[in-house]
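Have a look at the structure below before the remarks.
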Amino acid sequence: MKTPDDRHGADGAHADRTRLVVGGRRPHEHYGFVNTPVFHGSTVLYPTAEDYLARRSRFKYARRGTPTSEALESALAGIEGPACAGVALLPSGLAAISAALLSVLKAGDHVLVTDSAYDPTRVFCDTILVRWGITTTYYDPLIGAGIEALMRPNTRAVFVEAPGSLSFEMQDIPAIAAVAHAHDAVVLMDNTWATPLYFRALDHGVDLSIQSGTKYIGGHSDIMFGCVAANERTNQALRDMVFTLGLCVGPDDMNLAQRGLRTLAVRLAAHREAALAVARWFEARPEVLKVLHPALPSHPGHDIWRRDFTGSSGLFSVVFRPVPGPAINAFLNALSLFGLGASWGGYESLAIPFDCTKIRTATTWAPGGPTIRFHIGLEDTADIIADLEGGFAALNAAQ
Ligand SMILES: Cc1ncc(COP(=O)(O)O)c(C=O)c1O
């Protein structure tokens with residue numbers, strides 16, 4: 001009997017929206033119910049001693065996989081494209097980053113990491129990898145093919161993240177990947193901002209494409225989840241590392257990730273449209289120095305974004321004209337639709353003040369004024385803008 005996967009997933013001819021709806025579903029294995037049931041389990045029982053001795057069972061032990069994890073892996077693989085050889089599921093985005101790095105590095109190796117990387121990625125390199133004798137060099141995210149000058153005989157991996165999730169630099173990933181591959185190094189990417197819907201990382205030279213599924217995959221700010229998509233070159237080592245570290249995801253979080261995936265394309269399109277409208281509105285405000293959003297023609301990385309990406313998500317930053325700190329606080333405190341908190345990718349709008357000065361070592365962060373990162377949620381765009389207008393009124397009153 002045909003399953004949704006068979007009808008739409010395998011031949012690569014169908015659009016991501018369809019893949020997200022059908023991926024991983026095998027209803028006729030579950031009495032016809034549309035969704036894969038949530039399997040809570042550890043032990044898998046074998047009918048006979050002979051079966052046990054021969055390990056004759058589709059599932060062997062829950063840490064190795066369950067129908068719930070298998071369905072989610074299959075759905076995620078469907079949107080990573082034909083170069084995807086496998087997807088590993090992890091309990092958070094940071095666990096996905098660290099497991100992916102561990103899967104390609106060993107004592108004595110050297111790794112190049114973009115200076116714009118998510119800060120805990122740096123902390124992992126500086127506090128854990130260093131104890132295993134692995135050295136990290138941070139590089140200018142705009143380096144492109146110039147990364148050649150930083151390659152050493154023991155450089156085994158290059159980590160990219162585009163755009164940076166606070167500062168929004170775009171990276172020339174195909175150029176970086178060409179250099180890395182010429183030196184036999186593996187390219188890892190934090191692809192949480194674009195997701196494979198807007199950037200097929202594995203088609204652009206990336207060997208391990210990482211997402212914090214806590215963000216857009218979950219989409220509702222109610223799970224911690226991460227995943228890594230691997231190509232043929234990196235898949236086995238990734239699987240072995242994740243299994244040996246004993247990392248796995250709870251069944252309810254996998255189910256929520258699976259549920260989130262079904263609507264990812266429509267949510268992301270709505271985030272994209274609203275964020276672009278709000279970013280353009282910010283650009284016209286007298287209080288704003290610049291808007292850091294790669295889909296705006298004013299962004300220095302716009303040409304790279306246009307060349308390589310097929311969309312933009314809901315996260316961008318705004319550099320305000322210099323004002324005293326209390327005025328920025330007044331702006332933030334006046335917002336009622338925007339929550340003040342870490343993370344992003346949920347249905348709701350968020351804002352956080354940030355300062356990259358202390359987390360840069362290869363480049364200098366000097367944006368020219370105070371900075372706030374916005375995540376534009378699924379509220380009505382006119383309401384979002386009205387809320388931000390109230391913020392600016394409070395900012396101006398506080399000066
Ligand atoms: C760009 C980026 N990558 C990775 C992570 C880590 O994800 P998690 O919080 O799921 O560990 C985050 C979290 O904020 C992030 O913004």
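See the values below:
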read-out: Candidates PRO163, PRO353, PRO47: whichever shows maximal mean-square fluctuation once the chain is modelled as a Gaussian network with Cα springs under 10 Å; value: PRO47
read-out: The chain - charge dipole about Cα centre, Lys and Arg +1 at Cβ, Asp and Glu -1, debye rounded to 20; value: 600 debye
read-out: Cα gyration tensor, the stretch 13-99 - rounded (a/c under 1.5), prolate or oblate; value: oblate
read-out: Residue order, fewest to most beta carbons within 10 Å, for LYS290, LYS106; value: LYS106, LYS290
read-out: Shape of the stretch 249-319, Cα gyration tensor, a/c cut at 1.5; value: prolate
read-out: Cα-based Lys proximity count in the chain, under 27 Å, for pairs eight or more positions apart or on separate chains; value: 4
read-out: Amide H partners (placed H, <5 Å) of TYR46, local residues excluded; value: none
read-out: Exposure proxy ranking, count of Cβ atoms within 10 Å, fewest first, for TYR347, TYR216; value: TYR347, TYR216
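Values quoted throughout were computed directly from the atomic coordinates according to the rules given, and no laboratory measurement underlies them. Quantities reported herein were computed from a predicted structural model and do not represent experimental measurements. All Cβ positions, even for glycine, are placed from backbone atoms using ideal geometry, and neighbour counts span all protein chains on display.
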